[in-house]
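The values are calculated or read from the model by the stated rules, or taken from the named source; none is laboratory data. Source: prediction; values computed, not measured. Cβ: placed from backbone, ideal geometry, glycine included. Neighbour counts: every protein chain shown.
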Amino acid sequence: MSTREPPADLTIRPPQQRRSREAWARVLDAGVAIIEEGGYEAFTIAAVCERAQVAPRAIYARADTKDALFLAVYEHGISRIRADQAVFDDPDRWTGLPPHRAVGEAIREMARIFTRHARFLGNIVLIAGAHPEVRRRGGVNARALGDQFASLVLTHRDHITHDDPEEAVRTCYNTIFSTLAIRVAYGPGFVAPATDDAAFADQLADVAARFLLGAPQPRP
């Protein structure tokens, strides 16, 4: 997340009482579900109220506008994704893996995150095209994931077959991220015949490992 202060009409007044916190949690969960099912067009204060079983005053006590509510819901959905991204910082997950395996598994973990959150991310990608603040925040989040990916993969920089390992890793990340974003936004059959998620992740992992490290050495 950026540290830039949001405009006053986009700020959220946090709930203080337990019942208010519980109601606000229902509002955020309901908002994520509505985005997953219908995107921005389906996201209305009335729809959120109905799904969360709260009165409109429970929302207006926290947010002044629909856009403020939408961005709060966006951050709630992104927080779930960010929690999954912690895998890239877990040394137990990566210690001892050889370079080709480490790169491949990093790509598979990225693909799994997109798959687990496909309905939310797919609609967010589409919304970002017409919503400057979502696009800005999405860029911040994408670059943060890129930093995690690069930090992990560059532990194998001595095996990367490029003059500038960091530039190569960033290029690899940008390509894979863009591919996954298109897949969740437009569906698995948008560019080529549809492939199941696991097989597609394996294909991406092989492409990335070969690009960064060259062909794997044959086993003796």
> Considering only segment 49-80, how many residues are of a type in the set (Val, Ile, Thr) and touching a Phe, Trp or Tyr at 6+ places or on another chain (Cβ under 8 Å)?
Replying inline: 1
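Looking at Arg157, Arg136, can you tell me which residue is assigned to a helix (DSSP H, G or I), touching a residue at least 24 places away in the same chain (Cβ under 8 Å) and not hydrophobic (A, V, I, L, M, F, W, C)?
On the way: Arg157 fails: touching a residue at least 24 places away in the same chain (Cβ under 8 Å).
Testing whether each residue is assigned to a helix (DSSP H, G or I), touching a residue at least 24 places away in the same chain (Cβ under 8 Å) and not hydrophobic (A, V, I, L, M, F, W, C) leaves just Arg136.
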> Taking segment 47-90, which residues are of a type in the set (Lys, Arg) and part of a helix (DSSP H, G or I)?
Replying inline: Arg51, Arg57, Lys66, Arg80, Arg82
> Which of the residues spanning segment 91-116 are in a helix (DSSP H, G or I) and polar (S, T, N, Q)?
Replying inline: Thr115
> Trp24 fails exactly one of the following numbered conditions: (1) under 25 Å from Arg116 (Cα atoms); (2) modelled with pLDDT under 95; (3) among the aromatic types (Phe, Trp, Tyr). What is the number of that condition?
Replying inline: (2)
> Could you list, in sequence order, the residues of segment 30-45 that are assigned to a helix (DSSP H, G or I) and surrounded by 15 or more Cβ atoms within 10 Å (Cβ to Cβ)?
Replying inline: Ala30, Gly31, Val32, Ala33, Ile34, Ile35, Glu36, Gly39, Tyr40, Ile45
> Restricting to segment 32-58, what's the tally of residues that are of a type in the set (Lys, Arg) and either modelled with pLDDT under 95 or closer than 16 Å to Glu75 by Cα (or both)?
Replying inline: 1
>> Among the residues of segment 56-68, are any more than 30 Å from Ser20 (Cβ to Cβ) and either buried (at least 16 other Cβ atoms within 10 Å of the Cβ) or out of contact with any Lys or Arg (no Cβ under 9 Å at 6 or more places or on another chain) (or both)?
In response: no
